[in-house]
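Here is the structure we will look at, set down as structure tokens.
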Amino acid sequence: MKRNRIMFAGTKSGTGKTTITCGILRCLKERGMVISSFKCGPDYIDPMFHRKVIGTKSYNLDIFLSGEEAVKEVFLEGSKDSDISVMEGVMGYYDGIGFTEQSSSYEVASLTATPVILIIEAKGMGNSLGALLQGFLKYKKDSRIAGVIFNRLSPVLYEAAQNKCVELGTKCFGYVPELKDIVIESRHLGLLMAEEIQNLGDILSRLSNELEKTVDIEGLLELASEATAVEYSTYIERSGNHDPAKPSKTNTESDLSGYSEGNSSLYRNIYQTSVTRPVKIGVAMDEAFTFYYRENLKLLESLGGEIIPFSPLRDDRLPKELSGLYLGGGYPELHGEGLSKNISIREEIRECIHKGIPVIAECGGFLYLQKELEDKEGKVYEMVGTFSGKAFPTGRLRRFGYVELKAEKDSLLAEKGECLRAHEFHYWDSDIIGEDYLVTKASNGQEWREVIATDRMYAGFPHLYFPGNVKAAWRYLKKAEEYGR
């Protein structure tokens, strides 16, 4: 199926992929184009920036978490009404699990037959740019690299850099000079949230103005139009009632505004037996709980779930008639005082869980269910108290990376012996992490046990991706349906 598309990938992390991708998205938006965007890998934050820039849908493409066929379906569903699709790579272009290209940007580009623009961090380099570029072009016989953009390159060196591209037989699509006054700040889990950067609109406007001067935007559009069809014989084009030409409603409480895509039924062909009536799922959405895959929520909807957002920071009560709770990841450690002061909703959540409402609590949501949460200044705040543990900062990434979870017993999302794929990325830990899944790290085979799982609960640090764990999503909704009767 024909889709105009392009990927921006880097030689390593920190080359400016997100900044340049967002700047180009802004350039395309100002041309009046309908755009869809995608992030390779499990990152939550970069897609939020994409959505902030283009005002509409953005998705993740992750081969490890979902498998090849689901990646194709996510891409085809997400791009079907767009003039162009823009993908942003993860880490270095060939960096996958361990020292392999498995689940790398290169593997996604190959799977989706997408032309790639390599972003090279050029500051402090001269002729060595040629060695670096030649290495990436030749490392794989079919690298899919169609050209290069040099980042932080001095304008006086651009002609020489262009000549080097001609010498190596690839196209230069421009450069970005060092822009010291255009900076998107970071924190421990990545970039700051888009809503936290008060002058983001101004930053993006100035960035797009600079890129219009030094990057061949028209050439990029032409390259995207030359992308061949994505081969996927089992995909069925579906239509919903969402008009892609009209931005979704703005929700200042959450960067997930517009995640509902009308009547789209992503993956419903896999599980024809959905719930028999709408099942209301309360999803925590505010500054403290922001890390959700749009695909997760969309899949729950396609199986009969009704997403009901609420704020553990501001709402006094839970929404009425909920049949399930979904407490996602985010930054509860930055909002400990506000979460603790909202006693009424903490008590109601604790009581609902005690009564058996099905609950998924991932990472930040898991921290919220602990008895106590310590922030980075050492202040300790009372949380929901479903568990008797204390969450605390560790100062470093804990159990970071892709993992496979093997159920040690029957529980909410899986039967004993079944496996779920997930990833972990957190600087906070807890003295109670559970032991109901055997966890294997994909990169090195290291094993440990974690997650608290019962027939009504999944609570732990691993983040799940439902397109790769469709049965788990279905089991959760069926249990919620049962609870709501």
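Every number here is computed from the coordinates shown, using simple stated rules; none is lab data. It should be emphasised that the depicted structure is a prediction, and the values quoted were computed from it without experimental measurement. All Cβ positions, even for glycine, are placed from backbone atoms using ideal geometry, and neighbour counts span all protein chains on display.
Points to keep in mind about this one:
- Fully extended contour minus Cα-Cα distance, from ASN127 to GLU321, at 0.36 nm per residue: 63.3 nm
- Distant-in-sequence amide contacts of GLU418, defined by a placed amide H-H separation under 5 Å and a gap of 5 or more residues or a different chain, comprise ALA407.
- Gain in span if fully extended, LYS406 to MET1, counting 0.36 nm per residue against the direct Cα distance: 142.2 nm
- Cβ screening of the chain for cysteine pairs under 4.7 Å finds these without a partner: CYS22, CYS27, CYS40, CYS352, CYS363, CYS419.
- Peptides 393-404, 58-69, ordered by how many other C-beta atoms sit within 10 Å of their residues on average, highest first, read 58-69, 393-404.
- Under 5 Å between amide hydrogens, built in the peptide plane, is the criterion, and for GLU450 it picks out ASP436, TYR437, VAL439 among residues at least 5 positions away or on other chains.
- Calculated P(r) of the stretch 27-103 - Cα pairs past 19 Å, %: 36 percent
- Exposure proxy order (Cβ contacts within 10 Å, fewest to most) of GLU435, GLU226, GLU481: GLU226, GLU435, GLU481
- Gyration tensor (alpha-carbon) shape descriptor, the stretch 1-41, a/c threshold 1.5: oblate
- Degrees, to the nearest 10: 158-168 long Cα axis against longest axis of the chain: 90 degrees
- The antiparallel fraction among DSSP beta bridges confined to the stretch 279-484 stands at about 60%.
- Relative contact order [Cα under 8 Å, 6+ residues apart], the chain, whole percent: 14 percent
- Neighbour counting of Cβ atoms within 10 Å sorts the residues SER105, SER388, SER340, fewest neighbours leading, into SER388, SER340, SER105.
- Estimated FRET transfer efficiency when R0 is 30 angstrom, pair ARG396-GLU167 (beta carbons, to 0.05): 0.10
- Taking θ as phi - 60° and the Karplus parameters 6.51, -1.76 and 1.60, the scalar couplings of the stretch 447-453 work out to 10, 7, 10, 7, 5, 9, 10 Hz in sequence order, x denoting glycine and proline.
- Of all lysines in the structure, those lying under 22 Å Cα to Cα from LYS123, and not within fewer than 8 positions of it along the same chain, are LYS12, LYS17, LYS164, LYS171, LYS180, LYS213.
- In the chain, the C-alpha radius of gyration followed by the widest Cα-Cα span (Dmax) gives 22.5, 70 angstrom.
- Normalised alpha carbon radius of gyration of the stretch 279-484 [divisor 2.2 N^0.38 Å]: 0.94
- Efficiency of FRET between GLU435 and LYS140 - r from beta-carbon atoms, R0 41 angstrom, step 0.05: 0.50
- Phi-derived couplings, Karplus 6.51 cos²θ - 1.76 cosθ + 1.60 at θ = phi - 60°, listed residue by residue for the stretch 32-43: x, 7, 8, 10, 10, 10, 9, 10, 6, x, x, 4 Hz, with x used for Gly and Pro.
- Rounded to whole Å, the principal axis extents of the Cα atoms in the stretch 382-485 read 44, 36, 22, largest first.
- Computed from the Cβ-Cβ distance with R0 of 30 Å, the FRET efficiency linking THR100 to ASP181 stands at 0.15.
- Beta bridges from DSSP with both residues in the chain: antiparallel share about 40 percent, rounded to the nearest 5.
- 12 Å cut-off, amide nitrogen to a point 7 angstrom out along GLU447 Cα→Cβ, residues in the stretch 417-441: 438-441
- Per-residue ³J(HN,Hα) for the stretch 206-223, Karplus 6.51 cos²θ - 1.76 cosθ + 1.60, θ = phi - 60°, Hz, x for Gly and Pro: 5, 5, 5, 4, 5, 5, 4, 7, 10, 10, 7, 5, 5, x, 5, 4, 5, 4
- Only Cα pairs under 8 Å and 6+ residues apart enter the sum, and on that basis the relative contact order of the stretch 279-484 stands at 21 percent.
- Our summary gives the stretch 5-225 a relative contact order of 24 percent, counting only alpha carbon pairs under 8 angstrom and 6 or more residues apart.
- Between GLU306 and GLU377, residue separation times 0.36 nm minus the direct Cα-Cα distance comes to 21.7 nm.
- Packing-based exposure ordering (other Cβ within 10 Å, fewest first) of MET33, MET48: MET33, MET48
- The stretch 5-225 shape via C-alpha gyration tensor axes, a/c threshold 1.5: rounded
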